[in-house]
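Structure record follows, encoded as structure tokens.
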Amino acid sequence: MWTAISVAAFALLFLGIPMWMIFLILALVAMIMQGVSMDVVVQGLTGTINQLMLLAVPGFIFAGSVMGRGGMSARLINWIASLLGRVPGGMSLTAVAAAELFGSISGSSSATVAALGNILYRGLRQNGFDERFSLGLITSSGAIAIIIPPSITMILFSVMTNASIGKLFLAGFLPGILVGICLAVYCVWYALKHKITSGRTWSAAEIVRTSREVVWTLGAPVVIFVGIYGGFMTPTEASMVVSAYAVFVSVYIYRELTWSDIWAITRETSKLTAKVFIIVAVAGVFSWVLSADAVPQKIVTLVDQMHLSPVMVLLIINVILLIVGMLIDPNSAVVLFTPLLWPMAQHAGVDLIHFGIIYTVNLAIGMFSPPFGLNIFVSCSIFNVPSSRVIGGLWPFFVCYLVALTIITYWPELSLFVPNLVMK
């Protein structure tokens with residue numbers, strides 16, 4: 001039965017059927033074949049999304065959108081560019097650093113590409129980087145936002161596994177920095193190879209001016225992390241507080257948004273949140289069907305019979321997730337595949353928090369993996385170019401991410417050091 005369902009799922013996917021509808025159709029078919037009451041569908045749809053933690057998702061989406069349109073992202077880029085000065089490939093390093101910092105607020109990869117893309121692309125092209133490199137860097141660096149906390153993907157993973165969201169957020173810091181370092185090394189090498197200079201000098205006056213302008217922007221991540229780890233707020237509450245903070249700064253301090261703009265962003269956030277929640281709800285029903293048929297246990301038994309080492313189990317999980325990331329969005333991937341893959345990892349002795357970071361990094365790579373990586377389509381829309389031109393510049397950045405993924409997978413201390421230090 002599951003072989004037929006898997007084939008049907010891929011067929012529907014390539015026919016362009018929405019992911020949530022695929023999950024619902026296949027779940028209903030499986031339940032009818034097993035004689036399960038349809039009451040379970042209603043219970044599954046409501047039960048999966050009836051969790052307070054999920055309210056953090058619209059909060060961080062809204063905050064990221066407000067910051068992107070309210071001048072906060074532009075001031076962040078200008079500040080980083082002034083600090084890097086004459087460093088070779090300075091503008092490309094600015095793109096990486098901006099993705100790290102903006103990702104620490106938005107939690108969304110596609111939102112990071114949308115917020116930073118136009119400004120960074122103009123700067124990269126003016127500094128001598130060609131179109132292929134510029135498109136590839138912007139499209140891939142946005143994926144860091146999934147790894148650097150707060151991350152919407154981590155929130156969903158926590159919902160599916162009951163993992164501590166506080167520990168997951170802390171665990172994402174060093175892996176996110178490692179990914180940034182890998183990208184930065186390649187950017188500097190590329191700039192030196194092609195003799196691309198920064199085209200600017202260090203200016204104390206510029207640094208002081210941009211630092212003064214960016215203070216309010218840098219206050220956003222401070223609000224989030226001091227609030228959460230100072231014990232003042234839950235992640236959900238922090239998302240709402242930082243949303244209010246972003247509105248206040250954009251409307252009253254920078255004065256680049258009006259209340260009609262805020263209303264428009266609110267409507268867009270509502271639509272995007274509805275898309276996320278309907279995927280989570282329907283995928284939750286499908287996950288219930290998998291669990292009811294003991295599919296995770298069967299997979300664990302199969303792995304046990306193959307006598308695979310933990311190294312090989314993690315390699316198989318990475319390959320599966322990389323393929324999954326190419327085909328479906330991270331939200332669907334977390335809800336659908338976590339119940340299948342976590343028992344495998346748990347049987348191999350993998351720590352839950354470490355597994356969550358491995359899962360997140362794989363899905364971050366999927367955000368710019370053809371054919372269906374969301375960042376690719378965002379870049380195509382922003383820069384008005386065909387997908388082939390975006391995809392053509394991505395392969396060096398795949399290598400950077402894969403190097404980082406290998407280190408993160410087989411060096412668990414990198415993920416566990418900070419949460420073990422802070423939350424003993």
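Please determine whether any residue of region 247-258 is open to solvent by 70 Å² or more (accessible area, probe 1.4 Å) and either in contact with a His (Cβ under 6 Å, 6 or more places away or on another chain) or closer than 28 Å to F133 by Cα (or both).
Checking region 247-258: not a single residue is open to solvent by 70 Å² or more (accessible area, probe 1.4 Å) and either in contact with a His (Cβ under 6 Å, 6 or more places away or on another chain) or closer than 28 Å to F133 by Cα (or both).
Would you call S243 at pLDDT 90 or above and surrounded by 14 or more Cβ atoms within 10 Å (Cβ to Cβ)?
On the way: at pLDDT 90 or above: yes; surrounded by 14 or more Cβ atoms within 10 Å (Cβ to Cβ): yes.
Yes: the conditions hold for S243.
For (1) closer than 25 Å to L272 by Cα; (2) of a type in the set (V, I, T); (3) open to solvent by less than 10 Å² (accessible area, probe 1.4 Å), each residue gets a yes or a no:
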site	(1), (2), (3)
S106	yes, no, yes
G117	yes, no, yes
Y121	no, no, no
F129	no, no, yes
L156	yes, no, yes
L168	yes, no, yes
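Restricting attention to region 152-178, which residues are closer than 23 Å to V399 by Cα and of a type outside the set (A, V, I, L, M, F, W, C)?
Going through region 152-178, the residues closer than 23 Å to V399 by Cα turn out to be 153, 171-178.
Across region 152-178, the qualifying residues are T153, G172, P175, G176.
Name every residue in region 131-152 that is among the polar types (S, T, N, Q) and either within 24 Å of V390 (Cα to Cα) or open to solvent by 10 Å² or more (accessible area, probe 1.4 Å) (or both), in order of residue number. Can you show your working first?
Here is the first cut: in region 131-152, the residues among the polar types (S, T, N, Q) are 134, 139-141, 151.
Within region 131-152, S134, T139, S140, S141 meet the criteria.
Check whether at least one residue in region 379-395 is out of contact with any Lys or Arg (no Cβ under 7 Å at 6 or more places or on another chain) and modelled with pLDDT of 90 or more, and report yes or no. Give the derivation first.
Taking region 379-395 as the starting set, the residues that turn out to be out of contact with any Lys or Arg (no Cβ under 7 Å at 6 or more places or on another chain) are 379-391, 394-395.
Those still in the list that are modelled with pLDDT of 90 or more too: 394-395.
Yes, because at least one residue in region 379-395 is out of contact with any Lys or Arg (no Cβ under 7 Å at 6 or more places or on another chain) and modelled with pLDDT of 90 or more.
Kindly establish whether T153 is under 24 Å from L421 (Cα atoms), part of a helix (DSSP H, G or I), in contact (Cβ under 8 Å) with a residue 12 or more places away in the chain and in contact with a helix residue (DSSP H, G or I) (Cβ under 8 Å, 6 or more places away or on another chain). Steps first, answer last, please.
Working: under 24 Å from L421 (Cα atoms): yes; part of a helix (DSSP H, G or I): yes; in contact (Cβ under 8 Å) with a residue 12 or more places away in the chain: yes; in contact with a helix residue (DSSP H, G or I) (Cβ under 8 Å, 6 or more places away or on another chain): yes.
So T153 passes the test.
Yes or no: V361 buried (at least 23 other Cβ atoms within 10 Å of the Cβ) and at pLDDT 90 or above? Before you say what the answer is, go through the steps one by one.
Working: buried (at least 23 other Cβ atoms within 10 Å of the Cβ): yes; at pLDDT 90 or above: yes.
Yes, satisfied.
Open to solvent by 40 Å² or more (accessible area, probe 1.4 Å), under 17 Å from the mean Cα position of the chain (by Cα) and free of Cβ contacts under 8 Å to residues at least 12 places away in the same chain: does that describe F377? Before you say what the answer is, go through the steps one by one.
Working: open to solvent by 40 Å² or more (accessible area, probe 1.4 Å): yes; under 17 Å from the mean Cα position of the chain (by Cα): yes; free of Cβ contacts under 8 Å to residues at least 12 places away in the same chain: yes.
So F377 fits the description; yes.
Could you check M367 against (1) surrounded by fewer than 20 Cβ atoms within 10 Å (Cβ to Cβ); (2) of a type in the set (A, V, I, L, M); (3) closer than 15 Å to V113 by Cβ and say which number it fails?
Result: M367 passes all but (1).
Exactly one condition in (1) modelled with pLDDT under 90; (2) within 18 Å of G393 (Cα to Cα); (3) open to solvent by 10 Å² or more (accessible area, probe 1.4 Å) is false for L101; which is it?
(2)
For region 33-50, enumerate the residues that are open to solvent by 70 Å² or more (accessible area, probe 1.4 Å) and either modelled with pLDDT of 75 or more or closer than 27 Å to T273 by Cβ (or both).
M38, D39, V42, Q43, T46, N50
The values are calculated or read from the model by the stated rules, or taken from the named source; none is laboratory data. All values reported here derive from a predicted model rather than from experimental measurement. Note that each Cβ is placed from the backbone with ideal geometry, even for glycine, and that neighbours are counted across all protein chains shown. These accessible areas exclude ligands, DNA and RNA; they are computed on the full protein's heavy atoms, side chains included. Shrake-Rupley method; radii C 1.70, N 1.55, O 1.52, S 1.80 Å.
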